[in-house]
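The block underneath contains the structure these notes are about, expressed in structure tokens.
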Amino acid sequence: KAMGLWKQGKTSLNPVAHANNVISNITMAHLAGISYWRPDSYVGAIRDLVKKNPMVKEAKEAGLFLGTMSSEELLNTMPEQLRVLSGRQAGAAEKVGKTVWDMMTFWLSTPMGKAYQAEDSFFRYLIYRDARQRGVEPSDAVDYAQKYIFTYDDLPKGARMIRDFGIPFFAYTYKAVPALLHTALVHPDRLAAPAAVLWTINAAAYA
């Protein structure tokens with residue numbers, strides 16, 4: 001639980017992490033085939049979500065958003081016996097700790113956590129939508145989207161142990177390396193733009 005709170009402070013409660021997450025997702029979308037220079041795709045995805053396009057429902061039913069279910073949604077899917085167990089009373093120390101944590105985070109823990117999930121969910125749908133428009137089947141489009149905007153509910157036991165007891169953010173590296181290697185081998189041209197941006201930033205920093 002302490003590790004979870006520490007990681008929350010480094011991610012969803014950190015405004016810089018939100019900016020990094022969005023920039024990272026824009027680049028991963030570029031590597032997935034939605035170029036930096038295609039704002040029409042972003043506008044189309046936003047329009048779908050606002051107008052509740054049937055493709056959004058299709059994506060949900062295909063499992064696109066399962067890796068980012070909220071705790072409330074997960075609780076509702078539990079068997080009744082587990083829901084009873086989950087309703088146990090917290091101890092006094094736990095209640096005090098939660099109150100202190102809420103005060104230290106200005107009660108922003110939940111809304112900022114939802115914002116972090118929303119950032120990932122939007123980009124997953126963006127990539128899913130593009131794949132479907134290219135004729136990819138829904139289940140394959142889900143797999144393709146999650147290859148670039150990661151979910152962490154399918155980590156193997158070894159990777160989970162490294163994440164939980166050794167390197168807290170190992171899961172991102174574990175997911176990112178195969179995606180980058182796949183892009184380098186299959187679509188090396190897509191690496192040119194982010195490489196040029198990084199080279200320019202690096203040159204400017206030295207200057």
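Here are the numbers for the structure shown:
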item: Computed E for E61/Y152 - FRET, C-beta separation, R0 30 angstrom, nearest 0.05; result: 0.90
item: Percent RCO, i.e. relative contact order, over the chain, from Cα pairs under 8 Å lying at least 6 residues apart; result: 29
item: Accessible-area ranking of V136, V177, V142, largest first, probe 1.4 Å; result: V177, V136, V142
item: Accessible surface, segment 6-51, averaged per residue in Å² (probe 1.4 Å); result: 52
item: Per-selection Rg to Rh, the chain - Cα, Kirkwood hydrodynamic radius; result: 1.00
item: Gain in span if fully extended, S35 to I167, counting 0.36 nm per residue against the direct Cα distance; result: 44.3 nm
item: P(r) histogram, all alpha-carbon pairs of segment 159-207 included - 10 Å bins from 0, percent; result: 23, 29, 30, 17, 0
item: Ranking by accessible area, most exposed first, for Y174, Y144 with a 1.4 Å probe; result: Y174, Y144
item: F150, F65, F165, ranked by accessible area, largest first (probe 1.4 Å); result: F165, F65, F150
item: Burial order of peptide ranges 118-125, 30-37 (average beta-carbon count within 10 Å, highest first); result: 118-125, 30-37
item: Net charge dipole size for segment 90-178 [Lys, Arg +1 and Asp, Glu -1 on Cβ; Debye, nearest 20]; result: 60
item: Share of alpha-carbon pairs per 5 Å distance bin for segment 91-207, given as whole %; result: 2, 9, 10, 13, 16, 17, 13, 9, 5, 4, 2, 0
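The values are calculated or read from the model by the stated rules, or taken from the named source; none is laboratory data. Predicted, not measured: the structure shown is a model, and the values here were computed from it. Please note: Cβ atoms are built from the backbone with ideal geometry, for glycine as well, and neighbour counts cover all protein chains shown. The accessibility values were calculated without ligands, DNA or RNA, using every heavy atom of the protein model including side chains. Shrake-Rupley method; radii C 1.70, N 1.55, O 1.52, S 1.80 Å.
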